[in-house]
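The values are calculated or read from the model by the stated rules, or taken from the named source; none is laboratory data. Here the structure is a predicted model, which is why all the values come from computation and not from measurement. Don't worry about glycine lacking a Cβ; one is built from the backbone with ideal geometry, like all the others, and counts go over all protein chains shown. Accessible surface areas use protein heavy atoms only, side chains included; no ligands, DNA or RNA. Shrake-Rupley method; radii C 1.70, N 1.55, O 1.52, S 1.80 Å.
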Amino acid sequence: MKYRKKLIEWLFEKSQRIYTNMFKNHKAWNINKIALLKYPKGTIGKQLGVFLDKNEFELIPKVERHDAYHVITGYGTNVEDEIAL
């Protein structure tokens, strides 16, 4: 079971880069964590900023929606939750 999880983690890491580079051809949001944290309390923007700050993340251009989905669904950032998301 341990090897299966390691394989899934490795495949996830490799596929993440391919997905970002090949399939994301829309414009980036052009916003950062600091700007999001200035949004009013109770907004998805503020919640996204808090999520990024809590996890010590920055938005990745063209895949910003992914982190917003974490906020909306409540899924975490471990490999199992990433795959579920």
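Would segment 1-23 turn up any residue that is out of contact with any helix residue (DSSP H, G or I) (no Cβ under 6 Å at 6 or more places or on another chain) and surrounded by 16 or more Cβ atoms within 10 Å (Cβ to Cβ)? For segment 1-23, residues out of contact with any helix residue (DSSP H, G or I) (no Cβ under 6 Å at 6 or more places or on another chain) and surrounded by 16 or more Cβ atoms within 10 Å (Cβ to Cβ): absent. Just name the residue that is modelled with the lowest pLDDT out of those in segment 60-81 that are closer than 22 Å to residue 25 by Cβ and among the charged types (D, E, K, R). Among them, the one singled out is 62.
Looking at segment 70-85, which of the residues that are part of a helix (DSSP H, G or I) and more than 20 Å from residue 9 (Cα to Cα) is most open to solvent (accessible area, probe 1.4 Å)? Within segment 70-85, the match that is most open to solvent (accessible area, probe 1.4 Å) is 72. Residues in segment 35-60 that are of a type outside the set (A, V, I, L, M, F, W, C) and surrounded by 13 or more Cβ atoms within 10 Å (Cβ to Cβ): 39, 45, 46, 47, 49, 53. Looking only at segment 12-30, decide whether some residue is assigned to a loop (DSSP other than H, G, I, E, B), of a type in the set (Gly, Ala, Ser), on the phi > 0 side of the Ramachandran plot and without any contact (Cβ under 8 Å) to a residue 60 or more places away in the chain. Within segment 12-30, not a single residue is assigned to a loop (DSSP other than H, G, I, E, B), of a type in the set (Gly, Ala, Ser), on the phi > 0 side of the Ramachandran plot and without any contact (Cβ under 8 Å) to a residue 60 or more places away in the chain.
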